[in-house]
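The values are calculated or read from the model by the stated rules, or taken from the named source; none is laboratory data. Here the structure is a predicted model, which means the values were calculated and not measured. Backbone-built Cβ (ideal geometry, glycine too); neighbour counts: all protein chains shown.
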């Protein structure tokens with residue numbers, strides 16, 4: 001049994017995790033601990049507070065007790081808002097505090113794109129435009145070319161969590177760009193685990209979503225690979241040979 005730990009802010013789309021656990025169909029356990037969200041707002045000040053070392057540290061004891069082998073801060077905006085170097089410091093501090101390998105959803109996107117060999121992406125974010133642009137800046141710092149950015153202007157995770165299949169597909173269609181090799185949907189408050197194959201079929205390209213890549217990152221940290229076609233292209237490809 002491989003136990004993966006996730007620090008998830010508040011309560012919005014955490015039910016993606018038991019769904020993903022079931023879809024993995026293997027000896028993988030996903031342990032989710034909820035952190036204090038503080039102010040539910042896609043604003044820089046609120047997001048930086050949400051991702052503070054103190055808030056993340058509050059959840060690591062529970063993950064250690066359940067035997068987690070790795071921990072991922074399951075929040076995209078609460079990591080990329082610190083910038084590339086600040087987000088690195090965030091996960092370094094988390095790793096030391098937790099005593100296990102650590103990462104965040106923002107880095108999960110960058111690592112997943114490298115896994116797929118994708119260099120050009122379109123972004124469909126639920127966030128306001130200014131926050132969506134900060135995510136694009138983060139991706140660029142990681143060597144990714146962002147061809148287009150679409151922000152839906154939603155301020156709270158609570159509202160994002162109410163979105164269903166129709167809203168998700170509409171955002172994906174509006175955000176996609178012909179020259180993009182993949183589409184990214186970066187909000188962990190968005191329920192996407194059930195929709196990835198349909199999104200990829202509609203767009204004809206890999207679709208990476210926040211909770212999907214977060215779980216993949218936990219597996220990567222634990223040196224596990226799982227073939228799970230219902231989780232999209234990311235979970236069906238052979239690893240790229242690094243030269």
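Answer with yes or no whether residue 37 is in a loop (DSSP other than H, G, I, E, B) and buried (at least 19 other Cβ atoms within 10 Å of the Cβ). Taking the combined requirement at face value, the residue satisfies it. The set of residues from the range 64-87 being under 28 Å from residue 43 (Cα atoms), assigned to a helix (DSSP H, G or I) and in contact (Cβ under 8 Å) with a residue 12 or more places away in the chain comprises 77, 78, 79, 80, 83, 84, 87. All conditions in (1) surrounded by fewer than 19 Cβ atoms within 10 Å (Cβ to Cβ); (2) closer than 23 Å to residue 92 by Cβ hold for residue 8, with the sole exception of (1).
In this structure, does residue 44 turn out to be at pLDDT 95 or above and over 22 Å from residue 220 (Cα atoms)? In short, yes.
Every listed requirement among (1) surrounded by fewer than 16 Cβ atoms within 10 Å (Cβ to Cβ); (2) in contact with a helix residue (DSSP H, G or I) (Cβ under 6 Å, 6 or more places away or on another chain) is met by residue 151 save one, (1). Name the strands (runs of 3 or more DSSP E) wholly within the range 94-197 that hold at least 2 residues that are modelled with pLDDT of 95 or more, more than 26 Å from residue 19 (Cβ to Cβ) and outside the structural domain of residue 54 (by TED's automatic domain parsing)? Strands (runs of 3 or more DSSP E) meeting the threshold: 145-151. Checking each residue in the range 65-84 for being surrounded by fewer than 24 Cβ atoms within 10 Å (Cβ to Cβ) and more than 28 Å from residue 156 (Cβ to Cβ) picks out 65, 66, 67, 69.
Pick from the range 170-197 the residues that are touching a helix residue (DSSP H, G or I) at 6+ places or on another chain (Cβ under 7 Å) and more than 28 Å from residue 5 (Cα to Cα): which of them is surrounded by the most Cβ atoms within 10 Å (Cβ to Cβ)? Restricting to residues being touching a helix residue (DSSP H, G or I) at 6+ places or on another chain (Cβ under 7 Å) and more than 28 Å from residue 5 (Cα to Cα), the top hit is 172. Criterion applied to 112, 132, 102, 98 was being farther than 25 Å from residue 160 by Cβ and buried (at least 18 other Cβ atoms within 10 Å of the Cβ), and the one residue passing it is 98. All conditions in (1) free of Cβ contacts under 8 Å to residues at least 60 places away in the same chain; (2) in contact with a helix residue (DSSP H, G or I) (Cβ under 7 Å, 6 or more places away or on another chain) hold for residue 163, with the sole exception of (2).
Restricting 200, 217 to residues that are touching a helix residue (DSSP H, G or I) at 6+ places or on another chain (Cβ under 7 Å), over 21 Å from residue 2 (Cβ atoms), modelled with pLDDT of 95 or more and assigned to a helix (DSSP H, G or I) narrows the list to 200.
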